[in-house]
Amino acid sequence: MIADPHHLPPWWPRVARVEDVEGAAFTEVMKTAKGKVVRADFELVDSDDRARTLRWEQRLAGTPFGRLLSSATTTVSLQPEAEGTRVTIELRQTLTGFLPRFGSFMVRRAAVATVEEALDGLERISG
């Protein structure tokens, strides 16, 4: 469920659908709170079946996101436990220009909310 980008909409926040899945690349089609459609392109950059870890990066060059972020990486790790699986999601975003000084708190808060919503979504659909 986590390895296939087509399965993102039920659990990843704001993703309405996934398009253009080709090899390790895919596009998330998201809806903002105001109903605006936003597209974001990603590429799977690391997949370790033994460690049960996936890492994908957002393609930022030439996009509106590129004006705000110099990098955006998401890592999802699965660790078996006695009563199920521990899921860890790490969202790392590096702001561009003067933004780190003025906007890091808001971006950090939004990232935490996104991760919490994603974990809630996984819990909801898994059972």
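Per residue, how much accessible surface does region 1-108 expose to a 1.4 Å probe? Answer in Å², no decimals.
66
Using a 1.4 Å probe over the heavy atoms of the protein chains, calculate the carbon and sulfur portion of the accessible area of the chain as a whole percent.
After summing per-atom areas, the C and S share lands at 51 percent.
Taking only the alpha carbons of region 27-86, what extent do you get along each of the three principal axes, in Å, biggest first?
42, 25, 17
Okay, helix-only estimate at 222 nm for the chain: each DSSP H run of n ≥ 4 adds -39500 (n - 2.57), divide by all residues, round to 500 deg cm²/dmol; what do you get?
Theoretical 222 nm ellipticity from helices: -8000 deg cm²/dmol.
If Rh is defined by the Kirkwood formula over all Cα pairs and Rg also comes from Cα, what ratio Rg/Rh do you get for the chain?
Rg/Rh for the chain comes to 0.96.
The values are calculated or read from the model by the stated rules, or taken from the named source; none is laboratory data. Not measured: the values here are computed from a predicted model. These accessible areas exclude ligands, DNA and RNA; they are computed on the full protein's heavy atoms, side chains included. Shrake-Rupley method; radii C 1.70, N 1.55, O 1.52, S 1.80 Å.
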